[in-house]
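> The structure that follows is given in the form of structure tokens.
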Amino acid sequence: MVTYIIRRLIGALLMLAVVSMVTFSIFFVVPRLAGVTATDFANRYVGRAATQETVVEVAKKLGLNDPVVVQYGRWVKGIFVGSEFDYGSGVEHCPAPCFGYSFVTKKPVWPDLLDRLPVTLSLAVGASIIWLLAGVAVGVLSALKRGSLFDRGAMIVALSGVSLPPFFTGLIALSLFSYGLRITAPGGAYTPFSENPAEWAYNLILPWLTLAFLNAAAYARLTRAGMLETMGEDYIRTARAKGLKESTVITKHGLRAALTPIVTIFGLDVGILLGGAILTENVFSLPGLGKYATGAIAAQDLPKIMGFTMLAAFFIVMANLIVDLLYAVVDPRVRLA
Amino acid sequence: MTAPLDVSSEETKATPEAVVSGLGGAKAIQGRSLGQIAWMRLKQDKVALAGAGVVIFLVLVAIFAPVIVGWFGHPPNEFHQEMIDTMTMRPKGGSGISSEFLFGVEPQNGRDLFSRVVYGARISLLIAFFATMLSVLIGTVMGIVAGYFGGWVDAVISRLMDIFLAFPILVFALALVGVLGQFEMQLGVQGDTLRILLLIFVIGFFNWGYIARIIRGQTLSLREREFVDAARSLGARGPYILFREILPNLIAPILIYATLLVPANVLFEAALSFLGVGIQPPTATWGAMLSAATKYYTVPHFMIFPGMAIFITVLAFNLFGDGLRDALDPKSNR
């Protein structure tokens, strides 16, 4: 078990290193290859009104002409120990987790990201709980009542669910429940859980359901297939033969085995969850990280986008690590191997 | 094809389709190619055929968009302010649906929703098809090389696949399009052309992991087959075996996963357009139309038409893809 955890930890660290390189490349190397020069970058920092000399000066001060490896090193160093920025209007200090300095607000990006993190986390965690519970429950019921009206209905809904983008279902839900029936929040508001849990849930319930629907469908299909397979195994018959209650047979013997692949797929889907959260936040105007990122793109504020990308990637790697460890709990063969 | 099919020959002889041909009279049992067998199975699958029909319809709509709009609509970027209630900025009479505006008009500036949905099909399918081709190309080459050569080549490529599969694809695509889209002047191409190329590249580039993994798995089992040994013992070299012996046997999985990748890419393009990094306005895209609809969620027709366009397109491709998989590769159940 210990070696398994250590191996996974090393894997996660390597992945983070790769992700940071890719992120850095997207923002600094790829534009270079496409013919963007160092002064074009400096231009972004000082604003359009600056003279040519100041731009060249700033490009030098920010080290934009240095080799890529040096720039990457400086960027990584900034994340760990902080760094100094000089736009030509005096030196600015950017404290320890320095993910860059906004072009527009001229402030470090990190505090902004921290502010918006709870919104996105609330959305993603709540939605994934709903989608796992609903998906697995529907899948199990479908498998146990195979061929019934419920089974066929659920599978048709599941097939449609995979084909419906969250920014369409979200809009329909808003139009139906918030505008038509007036039973849910109209979107745009977020109350922290610590302030008022009821209001927190009221504002998030529609986004949760929207995001959950995206994947609950796929999980229902998967669980159904897995359950159908395991319930036909010999050990299920043995369990029944020794007189166990049917509910025990289903949950302890059937579901436990059928859940293993679901956990794996969930690990791979954390990226999809985050992508879905970005879309959902934009549908419901929730002030989370996704909304922050799209706002930054509209304002052409590269450091904000970069900070967001890095943070998002970090969470995905961490989530994958947690799922890997969970996997060892669910499936004993993994930790023994 | 001289090489054995993915569907092994003994099995095909046992299936009813192969026997049916003998019913014509004294004719002996004929061998069937993979294509013929697949077509026979596909003909039975009504759902898949319906999906294929819708796909063909959509492609025709996309190709002949100007003609269709010429008959039934107004130019997609033409304002019809006279259709808008100046107080609420909404279409007069709720949606403005009439024989002249089949899907009604947009709030605020009154553009013809029908022609915008029709033109949106062009962007959507164009990007989805070419991005799929790019993914399939990268995925096939990577998968076949990793599977055939094994060893450290396989280790490196497999790691790369894992990384691409675990990546927050939407996040990186968002970042990449956001970054590159800002340097229009330096890139030398501008406007829609730049955006279309960029989207094809980004979507195609981030999506090859899955297809590569499948091709790698298939190649691993194919390279152990006798016909590969035979080719090698006759003196064939790596590239010849890869492209003339193994590749033809991979056509089925490539076709299946390409068909299933198209709807995923349609959704991807719509998502990027929805987030504002796709093709820029005023060019019509389904995602951007839904993005505009977020401000008018009290005007249902504005979201329903582009949304249903996405839904129908994706569903049709998914149904056709599932049918194609059942027809070409009946052993797989996933």
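> Averaged over its residues, how many other protein chain Cβ atoms are within 10 Å of peptide B:289-296's Cβ atoms?
4
> Taking the Cα-to-Cβ direction at residue A:244 and at residue A:256 and moving 7 Å from each Cα, how far apart do the two end points lie in nm?
Calculated label separation equals 0.7 nm.
> Helix A:289-298: angle to the longest alpha-carbon principal axis of chain A, degrees 0 to 90, nearest 10?
The helix A:289-298 is inclined about 40 degrees to chain A.
> In chain B, which helices (entire DSSP H runs) extend 18 Å or more along their own long axis, judged by Cα positions, while averaging at least -1.0 on the Kyte-Doolittle scale?
Helices meeting the span and hydropathy rule in chain B are B:46-63, B:113-149, B:151-166, B:191-206, B:208-222, B:251-274, B:300-328.
> Would you mind pulling out the separation of the Cα centroids of the stretch B:252-294 and the stretch A:1-79, in Å?
29
> Moving on to the next point. Does anything in the stretch B:157-177 have its amide N under 15 Å from the 7 Å Cα→Cβ label point of residue A:268, and if so which residues?
B:158-169
> Once both labels are modelled 7 Å past Cα along the beta-carbon direction, what's the residue A:157-residue A:326 spacing in nm?
According to this spin-label approximation, the distance is 2.3 nm.
> When a/c is below 1.5 the answer is rounded, else prolate if a/b is larger than b/c, else oblate, so apply that to chain B with a ≥ b ≥ c taken from the square roots of the Cα gyration tensor eigenvalues. Write out the running numbers ahead of the final one.
On the way: a/c = 3.16, a/b = 1.67, b/c = 1.90.
It comes out oblate by the Cα gyration axes.
> Could you compute the FRET efficiency for residue A:77 and residue A:198, with r as their C-beta to C-beta distance and R0 at 56 Å, rounded to 0.05?
Result of the calculation: an efficiency of 0.80.
> Next up: Based on the Cβ-Cβ distance from residue A:33 to residue B:141, what FRET efficiency comes out when R0 is 25 Å, to the nearest 0.05? Display every interim value, and only then the final one.
Numbers: r = 21 Å, r/R0 = 0.86.
E(calc), rounded to 0.05, equals 0.70.
> How would you order A:315-327, B:105-117, B:267-279 from highest to lowest mean count of nearby Cβ atoms within 10 Å?
So the order, starting with the most tightly packed, is B:267-279, B:105-117, A:315-327.
> Output the peptides A:97-107, A:172-182, B:170-180, A:274-284 sorted from most to least packed, where packing is the average of other Cβ atoms within 10 Å over each peptide's residues.
Ranking the peptides A:97-107, A:172-182, B:170-180, A:274-284 by packing returns A:274-284, B:170-180, A:97-107, A:172-182.
> Calculate for the protein assembly as shown the 222 nm mean residue ellipticity that helices alone would give, adding -39,500 (n - 2.57) per DSSP H run of length 4 or more and normalising by residue count, nearest 500 deg cm²/dmol.
Numbers: 29 runs with 450 residues, N = 671.
Taken over the protein assembly as shown, the calculation gives -22000 deg cm²/dmol.
> So, one more: Would you mind checking the tilt of helix A:110-144 against the longest principal axis of the Cα atoms of chain A, expressed as 0 to 90 degrees and rounded to 10?
Its long axis makes an angle of about 20 degrees.
> For chain A, calculate the relative contact order in percent as a whole number, restricting contacts to Cα pairs under 8 Å that are 6 or more residues apart. Can you show the working numbers first?
Numbers: 394 pairs, mean separation 74.3, N = 337.
It comes to 22 percent, rounded to a whole number.
> Report, as an integer, the average count of C-beta atoms from other chains found within 10 Å of each Cβ along A:29-36. Could the numbers behind the result be given before it?
Values: counts 0, 5, 7, 1, 0, 7, 5, 7.
The shielding value for this peptide is 4.
> Mind giving me the nanometre distance, one decimal, between the label points for residue A:234 and residue A:106, set 7 Å out from Cα along Cα→Cβ?
Going by the 7 Å Cα→Cβ label model, 7.6 nm.
> Please enumerate, by chain and number, the lysines with C-alpha under 30 Å from the C-alpha of residue A:77, excluding those fewer than 8 residues away in the same chain.
Output for residue A:77: A:60, A:61, A:106, A:107, A:291, A:304.
> While we're here: Taking a spot 7 Å from the Cα of residue B:197 along the direction of its beta carbon, which residues of the stretch A:29-44 have an amide N less than 18 Å from it?
Label zone hits: A:30-37.
> In peptide A:168-180, what is the residue-averaged number of other protein chain Cβ atoms found within 10 Å of each Cβ? Before the final figure, lay out each step's value.
Details: counts 15, 2, 4, 12, 5, 1, 5, 9, 2, 0, 2, 4, 2.
Counting Cβ atoms of other protein chains within 10 Å of each residue's Cβ and averaging gives 5.
> Compute the long axis of helix A:302-330 from its Cα atoms, compare it with the longest principal axis of the Cα atoms of chain A, and write down the angle in degrees, 0 to 90, nearest 10.
Approximately 30 degrees, to the nearest ten.
None of the figures in this text is laboratory data; all of them are computed from the coordinates on show. As the structure is a prediction and not an experimental result, all values here were calculated from the model. Quick reminder, even Gly has a Cβ in these numbers, built from the backbone with ideal geometry, and neighbours come from all protein chains shown.
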